[in-house]
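Here is the structure we will look at.
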Amino acid sequence: MNGTGDRHRPPARISGVIERVLFRRPGDGFAVLALRPAEGGAPLVLVGDLARFDVGESIRAEGVLEEDPSWGRRLRVASAVALAPRTAEAVAEYLGSGIVKGLGPRLAARLLEHFGDRLPGVVTEAPEHLAEVRGISRRMAARIGRAWRERAAEREALLFLQSHGLGARRARAILEVFGEATVARVREDPYCLVRGVRGIGFATADALARRLGVAEDAEIRRVAALEEALRRAADEGHSAVEEEVLLEAAAELLHGKVEWFRAGLERAIAARRLVRRRLDPLAYLLLPELDRAEAEIVVDLERLAAGLPPWHPLDAASALRATAEALELELSPRQRDSLAALLQHKVTILTGGPGTGKTTLVRAFLAALRGRGLAIALAAPTGRAARRLSESTGEEASTLHRLLEAEPGRGFRRSRGRPLELDLLVIDETSMVDLPLMQATLAALPSRCALLLVGDADQLPSIGPGQVLADLIASGRLPVVRLSEIFRQAAESGIVTSAHRVNRGLPPCFSHDGQAGDCFGVRFDRAEHARELLLELVARRVPERFGLDPLRQVQVLCPTNRGPLGTVELNRLLQERLNPGPAAMIEHRGLRFALGDKVMQTENDYQREVYNGDIGTIVDLDRRARSLVVEMEGHRVTYGPADLDRLVPAYAITVHKAQGSEYPAAVLLLAREHGRMLRRRLLYTAISRARRLLVVLAEPPALERAIRTADSERCSLLRHRLLGELGEGR
């Protein structure tokens, strides 16, 4: 009964006391409550985001009245706030609801009998007097007073936030971060919400600040704009911003003048809200946490690189012979030289494009060290990349987050004070590792530990700030083993050849329709034509010609999520074509989840071992419970109503989401509407995601733009720190 007809019903508002909790969903805010209305009458059922309320609490709720076959007349709640109990009877009922351990209805009734109408004042102003009642100790009286104050502060904070335009969900998130100090903190600095509460952006905090009377040109507002400009730059991958560029960005954000910000900038630097570093002749600004990340990476790399490898001494010639025997292959002269270099150093970088033998060399390196009693770990930044590393080496591999024992919202359990017990760590797909993750990883390694960083610096950099692998290579401070020879079997692949051609600014090497090959190009000239061709390719032509399952073996890639040719629209079209008329389905936030649908996890879940970018198929679904089961990477994962936000359809995904993965077949869509995303590095990364077949469906101008447009460099100071070129900013 919550369909489109509800939009036309007038909202209803009701106040009362909660009599019973009829249903509460663990891990979710959903609850069903029975409310006794303040104006009298039969109890009313409330449904919605109400799990924070308990029996005995007075609340005011607003929503839509409806008739339900199970619950009868009920209020579907849009918003609700707790109210302070006003009468002595209401206070007694509230105290007896279980908010204090050991205080039940019988003791609460004694309190009411002893104090009568004075009970609300005693609880609020002199709770120690509650110990006058038999059965209430001084300790329990103190607990009652503390619980009452905490709930009063919570009610005050929620009412304060909601009265200033923040919805119940956001208000609750703020309260969870700042607790009793919420009102004081927000009044003092509304912009603390951006720094401290996930999901609250600058626009929301700025609107709240203006409602609280913060002047248009107030210094607190100008400093917040400078920080926001740096955060937005970090979201685009930059760890630092040139000072004049940042001042202009902040001025644009507030529609003000650059001069507004200069004095505030100096005070923000003095207060360590921002950090200035000088790279003559320019000054750069950083967020303190990113300045610290870069600095600690430099110190820890120097610490780890010192001394001899834990496998020293090692006869390289004997190790090479043992490796060749163990792997049953003959290494090329270049591979033998590369392996000798890896064995010689304690911290090394191994880089190269597709088909150059990085995986073979990692296997050889591990084989050379086998049997020496070393504690070795293999890791990668994503679950997909870790599984690929494990499959290619035959050794167990994990995500870096799992290796470091990540605790969501709390950081990592493994750190400088509790390091990993390792002699060697091998990290694959290092181009995807951002500054904070590299900082945490290096800090958790003991000084004896050797480190091998493996990756392709020409691929897309990390989603988070920095370009760690590229900076480490460019600095020249660490030994780099660079593989450039394409081996014969790889050289016969049009996919590998095309990737290397694109990396040099040349067009891919496409086979023509009807020819043998693994890399094909298909042209289109308008969006409608592109959609028709895409559906034809994925649903019929590729499966029929190459014998591939369109759901499990063909992955559509494109640069963006939005627009007529973005993943959201393409997923809708591909769902209708590849999984029409499913037996059961759930709609959630405008997305369809149906039996047989291909879906993707969008954030890391370490407890259930599913990670951002993991793809699976819905194999079971319960419409009434709004839950489903996804078969993902060999195991089944259950998603309840609170988990559905973590899933999206995955018939089409962005190239960024595909990074670290490989697919039997990839269909890449490039259109002029993809605009500034049409870059060489994105195209190169997309091509290398395909293992057996690549089809590039493109508007010729879009493909040409992607080939000729080299990526602009991210602004990062890590390379300059490694070279000792940075000065203190004054």
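The values are calculated or read from the model by the stated rules, or taken from the named source; none is laboratory data. Please read these numbers as outputs of a predicted model, since none were measured by experiment. A quick note on method: Cβ atoms are made from the backbone with ideal geometry, for glycine too, and the neighbour counts reach across all protein chains shown. Remember, those area values only see protein heavy atoms, side chains included, never the ligands or the DNA or RNA. Shrake-Rupley method; radii C 1.70, N 1.55, O 1.52, S 1.80 Å.
For segment 122-175, relative contact order (Cα pairs under 8 Å, six or more residues apart, normalised by length) works out to 25 percent.
Rounded to the nearest 0.05, what FRET efficiency do Phe23 and Asp711 give with R0 = 60 Å and r taken as the Cβ-Cβ distance? Could you check? Walk me through the numbers on the way to the answer.
Details: r = 52 Å, r/R0 = 0.87.
About 0.70, to the nearest 0.05.
Taking the Cα centre of the chain as the origin and placing charges on Cβ (Lys, Arg +1; Asp, Glu -1), which of Ile586, Val194, Ile174 is farthest toward the positive end of the dipole? Result: Ile174, furthest along the dipole toward the positive end.
Suppose R0 equals 60 Å. What FRET efficiency, 1/(1 + (r/R0)^6) with r the Cβ-Cβ distance, do Ala78 and Leu506 give to the nearest 0.05? Efficiency computed from Cβ-Cβ geometry: 0.55. Think of the chain as a dipole: +1 on every Lys or Arg Cβ, -1 on every Asp or Glu Cβ, centred on the Cα centre; then among Leu557, Ala658, Val619, Val619 lies furthest on the positive end. A 1.4 Å probe, protein heavy atoms only, puts the accessible area of Arg388 near 70 Å². For segment 461-566, report the translational diffusion coefficient in µm²/s to the nearest whole number, using Stokes-Einstein at 10 °C, 1.306 mPa s, and a Kirkwood Rh over Cα pairs. Reported coefficient: 91 µm²/s. Dipole orientation for the chain: of the candidates Ala203, Ser493, Leu282, Ala203 has the Cα lying most toward the positive pole (charges on Cβ; Lys, Arg +1; Asp, Glu -1). Remark: the chain carries 46 Å² of accessible area per residue (probe radius 1.4 Å; ligands, DNA and RNA excluded).
Given the -39500 (n - 2.57) contribution per DSSP H run of 4+ residues, what per-residue ellipticity at 222 nm results for the chain, rounded to the nearest 500 deg cm²/dmol?
Values: 28 runs with 279 residues, N = 730.
For the chain, the value works out to -11000 deg cm²/dmol.
Based on the alpha-carbon gyration tensor of segment 89-148 and its eigenvalue square roots a ≥ b ≥ c, which shape applies: rounded if a/c is under 1.5, prolate if not and a/b is larger than b/c, or oblate? Because its axes are fairly even, with a/c under 1.5, segment 89-148 counts as rounded. Ignoring ligands, DNA and RNA, what percent of the accessible area of segment 459-574 is carbon or sulfur (1.4 Å)? Here carbon and sulfur together make up 50 percent of the probe-accessible area.
Projected onto planes of every orientation and averaged, the convex hull of the alpha-carbon atoms in segment 110-243 covers 11.3 nm². Taking 0.36 nm per residue of separation and subtracting the current Cα-Cα distance, fully stretching the chain between Arg623 and Arg272 would add 121.2 nm. Sorting the segments 237-246, 637-646, 36-45 by their mean number of nearby beta carbons within 10 angstrom, highest to lowest, gives 237-246, 637-646, 36-45.
Relative protection proxy for 597-604, 102-109, 697-704, from highest mean packing down: 597-604, 697-704, 102-109 (other beta-carbon atoms within 10 angstrom).
The listed residues Val619, Val554, once ranked by accessible area (1.4 Å probe) with the largest placed first, stand as Val619, Val554. For the chain, the longest principal axis of the alpha carbon atoms and the long axis of helix 288-305 meet at an angle near 40°.
Please work out whether segment 381-427 counts as rounded, prolate or oblate from its C-alpha gyration tensor, where a ≥ b ≥ c are the square roots of the eigenvalues and a/c under 1.5 means rounded, while otherwise a/b larger than b/c means prolate and anything else oblate? In terms of gyration-tensor shape, oblate. Between the amide H of Ala375 and those of Asp423, Leu424, distances stay under 5 Å, these residues lying 5 or more places away or on another chain, with hydrogens modeled in the peptide plane. Label separation (Arg106 vs Ala142): 2.6 nm, computed from points 7 Å beyond Cα along the C-beta direction. Between the C-alpha center of segment 117-134 and that of segment 585-618 there is a gap of 52 Å. Within segment 475-564, the chymotrypsin sites (Phe, Trp or Tyr not before Pro) that combine a DSSP coil assignment with at most 16 other C-beta atoms in a 10 angstrom radius are Phe487. Modelled spin labels at Glu259 and Glu536, positioned 7 Å past Cα toward Cβ, are 6.3 nm from each other. Taking Cα atoms only, the orientation of helix 138-163 departs from the longest principal axis of the chain by about 70 degrees.
How many percent of DSSP beta bridges within the chain run antiparallel, rounded to 5? Taking every DSSP beta bridge within the chain, about 60 percent pair in antiparallel fashion.
Of the peptides 605-611, 400-406, 653-659, the order by per-residue mean of other Cβ atoms within 10 Å, starting with the highest, comes out as 653-659, 400-406, 605-611.
Expected output is a single nm value to one decimal: the length gained when fully extending between Asp280 and Glu252, i.e. 0.36 nm times separation in residues minus the C-alpha distance. What is it?
Values: separation 28, 0.36 × 28 = 10.08 nm, distance 2.62 nm.
Value of the extension gain: 7.5 nm.
Overall shape of segment 622-675 was characterised from the C-alpha gyration tensor. The equivalent ellipsoid obtained from it has semi-axes of 29, 15, 9 Å, in decreasing order.
For the Cα atoms of the chain, what angle does the longest principal axis make with the long axis of helix 333-344, in degrees from 0 to 90, nearest 10? Result, in degrees: 50.
Put a dot 7 Å past the Cα of Glu603, heading toward its Cβ, do the same for Glu62, and the two dots end up 2.8 nm apart. Segment 690-730 and segment 405-452 have their alpha-carbon centroids 25 Å apart.
What size of dipole, in debye to the nearest 20, comes out for segment 185-231 about its Cα centre when the only charges are +1 on Lys and Arg C-beta atoms and -1 on Asp and Glu C-beta atoms? Don't jump to the answer; show the numbers that get you there.
On the way: 9 positive and 8 negative charges, 49 e Å.
Roughly 240 debye, rounded to the nearest 20.
Remark: the Cα gyration tensor places segment 623-730 in the oblate category, a/c being 1.5 or greater and a/b not exceeding b/c. Taking every alpha-carbon pair under 8 Å whose residues sit at least 6 apart, the chain reaches a relative contact order of 9 percent. Calculate what fraction, in whole %, of the accessible area of segment 319-429 sits on carbon and sulfur atoms when a 1.4 Å probe is rolled over the protein chains. About 43 percent, which is the carbon plus sulfur part of the accessible surface. Contact order for segment 617-703, expressed relative to its length and based on alpha carbon pairs under 8 Å spaced 6+ residues apart, stands at 24 percent. The Cα atoms of segment 221-362 define a convex hull whose projected area, averaged across directions, is 12.7 nm².
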